[in-house]
Amino acid sequence: MSIAINQKTCVGCKKCLSVCPGTLIKLNQEGKAFIKYPKDCWGCSSCIKECQAKAIDFYLGADIGGRGSRMQVEMKADQVIWKITETDGTIHVIEINPKASNQY
Amino acid sequence: MKKLQVKQLETDVLIIGGGTAGCYAALTIRENAKAGVIIAEKANIKRSGCLAAGVNAINAYIVKGQTPDDYVDYAAKDADQIVRGDLLLTMSQGLNRVTKKLEDLGLVILKDDNGDYVARGNRNIKINGENIKPILADAVNGLDQVQVLNQVNVIDYIVQDNQILGAFALGVEDECFYIIKAKAVICATGGAAGLYKPNNPGFSRHKMWYPPFNTGAGYAMGIRAGAEMTTFEMRFIALRCKDTIAPTGTIAQGVGAKQVNSKGTVYETKYGITTSERVYGTVKENQEGRGPCYLRTEGITAVQDEELKKAYLNMAPSQTLKWLESGKNPSQQNVEIEGTEPYIVGGHTASGYWVDTKRETTIKGLFAAGDVAGGCPQKYVTGALVEGEIAAKAAVDFIANQAVSDRAWDEAAHTKAKKNQVESILNHENPIFSTAELEEAMQKVMDTYAGGIGNNYQFNEKQLELADEKIDQILTLSEGLSAADMHELLFVYELKERLIICKSVIAHLRARKETRWHSFAENLDYPEKSAAWLKYVNSKQIDGKLTMIYRDLVKRGETFEHRN
Ligand SMILES: Cc1cc2nc3c(=O)[nH]c(=O)nc-3n(C[C@H](O)[C@H](O)[C@H](O)COP(=O)(O)OP(=O)(O)OC[C@H]3O[C@@H](n4cnc5c(N)ncnc54)[C@H](O)[C@@H]3O)c2cc1C
Ligand code: SF4
Ligand code: SF4
């Protein structure tokens with residue numbers, strides 16, 4: 001389980017650093033975020049929810065059957081938009097209304 | 001010589017851990033008293049602890065037609081009677097009150113046309129739990145006189161003559177050594193993950209169910225300080241979706257999927273349906289060659305597929321990612337399940353501090369709430385909130401009744417010793433072993449000799465004896481660990497906490513000479529359960545030695561309060 005941070009897109013806002021429940025993300029000397037302890041990631045998705053620059057991809061490790069798809073999420077007040085991009089470019093989008101309860 | 005800067009703080013109530021119970025304790029104090037509050041949280045209260053990714057339902061609620069007493073009976077039956085009737089009842093009585101409060105704070109709860117909550121089975125209600133932690137955190141951040149110290153990890157209590165005086169902590173980001181003095185302390189650090197070799201020991205080693213960052217600090221600090229602890233032998237093993245270790249309740253209860261083996265046979269009838277029996281059945285089916293086991297989702301509707309994917313995004317997004325990546329929806333492929341490594345978690349089973357009905361521990365002025373508190377299983381989110389509320393009110397009362405002169409302590413000596421200990425780790429040179437290596441060694445010992453996944457959760461007396469011996473060796477080695485920076489220092493403390501808890505788990509497993517719960521505590525030398533063991537196994541460290549204490553059950557209608 002882990003995340004990958006695209007340093008070109010990262011704007012160094014530090015939001016992911018402060019929210020990670022394991023404090024696993026740090027800033028490098030160029031002021032860009034990197035995950036210092038990738039094997040320690042719990043996969044909680046808190047960091048991708050914070051990153052407005054969409055610089056963080058969430059993926060499943062190969063050891064748990066991951067196939068390289070990348071997941072991001074955009075948090076809006078009235079809409080949570082999850083986007084999953086497969087390696088062949090196929091994109092899945094799932095929109096969730098945060099005001100609607102789970103049906104299960 | 002590396003030295004740490006010292007920060008001294010003083011408050012009325014120190015809350016250790018700003019998770020579910022800790023945040024609610026702060027809200028309760030502000031509603032009931034003027035007392036000053038500090039929350040020391042190792043991460044950031046916005047997304048720390050169990051609630052980080054969101055939760056799928058309120059698992060503990062008294063739905064229409066049920067009573068708090070029914071809840072007590074259910075939890076007692078599930079744990080085969082090794083529970084505290086008084087704690088379960090006081091918890092159950094508050095469940096609906098805290099749920100209403102959560103709704104007022106902004107949690108979305110599903111309602112029917114009459115405006116009543118929609119029940120999921122006998123005890124659950126349906127919600128959108130994605131933002132449950134930010135909701136709590138926002139409420140806490142808006143309070144007066146509640147100082148939240150994020151990224152401050154508590155490493156030890158300050159206790160004198162069995163009374164709590166505060167705690168020592170490490171500022172991981174500001175690189176400081178904190179001395180926080182308090183008149184009362186509420187411990188709400190959650191349970192302990194990472195004691196046993198996990199399901200995915202390689203790259204995804206932290207893709208576990210319980211937060212890997214809840215390392216059991218509260219248990220370890222209590223054990224070290226001589227607090228009485230209960231029922232560490234009732235380990236919690238969760239039945240989860242394979243690989244992603246995502247919860248299964250949403251599938252099982254949501255779309256009514258049954259557990260089936262590889263032959264398609266529903267096996268729950270054979271083993272029973274308590275929490276431990278469901279795990280045991282799955283282990284047995286695998287052992288006897290009928291694995292893997294699944295939740296039978298094949299054939300559900302397309303609408304159910306879509307709803308499941310959304311529900312998982314709201315609490316365990318990796319499972320939805322897995323469905324999408326594999327190109328197969330749950331309707332097309334049953335969901336494979338497996339048991340997790342054992343955790344120690346007082347919100348699901350009954351391990352933790354031995355508390356009275358006010359959630360006071362055996363250390364004066366120290367209260368415990370949530371997964372860290374024992375005797376009261378099946379707490380879940382709402383039970384943790386209720387315990388935070390009870391502990392908060394009791395802490396406020398405690399302060400009001402306490403004479404100030406009681407609190408003299410030898411501050412200089414205490415602080416110097418602790419600071420030296422911390423700094424010495426930063427200054428050790430050339431250690432042979434790293435913290436990660438010793439963690440791996442610990443998890444392997446627990447897996448092999450104390451009933452981990454690799455041994456189908458079973459053990460015998462000889463194995464436990466070996467486990468104890470080997471954990472002792474690793475404890476000795478841990479004294480030589482070094483840390484190059486604050487984060488590594490945190491890793492050293494986390495490992496030491498886990499080792500202390502391992503010792504207690506082993507001692508408790510050895511003490512209960514029966515098998516009351518399959519898988520949770522399955523002693524092959526005593527494969528049957530016995531009425532003689534209808535009692536609590538407790539422990540307390542006296543003069544550096546863990547001493548077992550056996551206590552009679554406190555049944556529904558009875559109460560236990562500390563004397564003195
Ligand atoms: C993945 C998952 C899903 C769940 N889903 C549900 C569900 O759907 N419904 C339900 O009712 N229940 C659910 N539960 C159970 C429920 O969430 C927990 O029982 C409850 O939240 C525990 O609350 P707590 O306050 O004891 O622990 P937490 O909320 O975990 O709080 C502990 C806090 O202490 C902090 N901490 C730990 N050590 C230290 C230290 N040394 N110094 C400072 N701070 C420290 C942690 O960072 C954390 O913030 C789920 C649990 C998990 C793990
Ligand atoms: S939140 Fe995004 S932009 Fe901000 S520091 Fe993290 S990766 Fe960079
Ligand atoms: S997914 Fe969670 S644990 Fe992993 S880096 Fe992001 S915030 Fe941290």
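Looking across the stretch A:49-79, the residues that are within 13 Å of ligand 2 (Cβ to nearest atom), open to solvent by less than 20 Å² (accessible area, probe 1.4 Å) and either within 27 Å of residue B:489 (Cα to Cα) or part of a strand (DSSP E or B) (or both) come down to A:56, A:58, A:73. Going by the conditions given, is residue B:382 away from chain A (no Cβ under 14 Å), open to solvent by less than 10 Å² (accessible area, probe 1.4 Å), polar (S, T, N, Q) and part of a helix (DSSP H, G or I)? For residue B:382, the condition - away from chain A (no Cβ under 14 Å), open to solvent by less than 10 Å² (accessible area, probe 1.4 Å), polar (S, T, N, Q) and part of a helix (DSSP H, G or I) - is met.
Do we have residue A:9 as polar (S, T, N, Q), assigned to a loop (DSSP other than H, G, I, E, B) and more than 8 Å from every other protein chain (Cβ to nearest Cβ) here? Answer is yes for this residue.
Somewhere in the stretch B:356-369, is a residue small (Gly, Ala, Ser) and within 14 Å of residue B:210 (Cβ to Cβ)?
No, the stretch B:356-369 contains no residue that is small (Gly, Ala, Ser) and within 14 Å of residue B:210 (Cβ to Cβ).
Just a yes or no: is a residue in the stretch A:17-30 within 16 Å of ligand 1 (Cβ to nearest atom), among the hydroxyl-bearing types (Ser, Thr, Tyr) and buried (at least 24 other Cβ atoms within 10 Å of the Cβ)? For the stretch A:17-30, residues within 16 Å of ligand 1 (Cβ to nearest atom), among the hydroxyl-bearing types (Ser, Thr, Tyr) and buried (at least 24 other Cβ atoms within 10 Å of the Cβ): present.
Results for (1) of a type outside the set (Asp, Glu); (2) farther than 28 Å from residue B:326 by Cα; (3) at pLDDT below 95, shown as yes or no for each residue.
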{"residue": "A:4", "(1), (2), (3)": "yes, no, no"}
{"residue": "A:22", "(1), (2), (3)": "yes, yes, no"}
{"residue": "A:30", "(1), (2), (3)": "no, yes, no"}
{"residue": "A:39", "(1), (2), (3)": "yes, no, no"}
{"residue": "A:47", "(1), (2), (3)": "yes, no, no"}
{"residue": "A:72", "(1), (2), (3)": "yes, no, no"}
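Can you pull out every residue in the stretch A:72-104 that is free of Cβ contacts under 8 Å to residues at least 24 places away in the same chain and under 14 Å from the mean Cα position of the chain (by Cα)? Within the stretch A:72-104, A:74, A:80, A:81, A:82, A:83, A:84, A:85 qualify.
Do any helices (runs of 4 or more DSSP H) lying entirely in the stretch B:226-291 carry at least 2 residues that are within 14 Å of chain A (Cβ to nearest Cβ), and which ones are they? Walk me through how you get there before you give the answer.
Working: elements: B:249-254, B:268-271, B:275-287.
So the answer is B:249-254.
Looking only at residues in the stretch B:546-564 that are within 20 Å of residue B:163 (Cα to Cα) and either touching a Cys at 6+ places or on another chain (Cβ under 7 Å) or open to solvent by 60 Å² or more (accessible area, probe 1.4 Å) (or both), which one is modelled with the lowest pLDDT? It comes out as B:564.
Determine whether residue B:60 is in a helix (DSSP H, G or I), more than 13 Å from every other protein chain (Cβ to nearest Cβ) and either crowded, with 24+ Cβ neighbours inside 10 Å or at pLDDT below 95 (or both). Even if it seems obvious, please write down each step before you answer.
Working: in a helix (DSSP H, G or I): no; more than 13 Å from every other protein chain (Cβ to nearest Cβ): yes; either crowded, with 24+ Cβ neighbours inside 10 Å or at pLDDT below 95 (or both): yes.
It is false that residue B:60 is in a helix (DSSP H, G or I), more than 13 Å from every other protein chain (Cβ to nearest Cβ) and either crowded, with 24+ Cβ neighbours inside 10 Å or at pLDDT below 95 (or both).
When A:31, A:43, A:22 are screened for being more than 7 Å from chain B (Cβ to nearest Cβ) and assigned to a loop (DSSP other than H, G, I, E, B), only A:31 passes. Annotation: of all residues in the stretch B:428-453 being open to solvent by 40 Å² or more (accessible area, probe 1.4 Å) and among the polar types (S, T, N, Q), the one that is nearest to residue B:341 (Cα to Cα) is B:448. Per the conditions (1) outside any strand (DSSP E or B); (2) β-branched (Val, Ile, Thr); (3) within 30 Å of residue A:78 (Cα to Cα), the sole criterion not satisfied by residue B:189 is (3).
The values are calculated or read from the model by the stated rules, or taken from the named source; none is laboratory data. Just so it is clear, the model here is predicted, and its values are computed rather than measured. As a convention, Cβ positions derive from the backbone with ideal geometry for all residues, glycine included, and neighbour counts pool all protein chains shown. Keep in mind that these areas ignore ligands, DNA and RNA; they rest on the heavy atoms of the full protein, side chains included. Shrake-Rupley method; radii C 1.70, N 1.55, O 1.52, S 1.80 Å.
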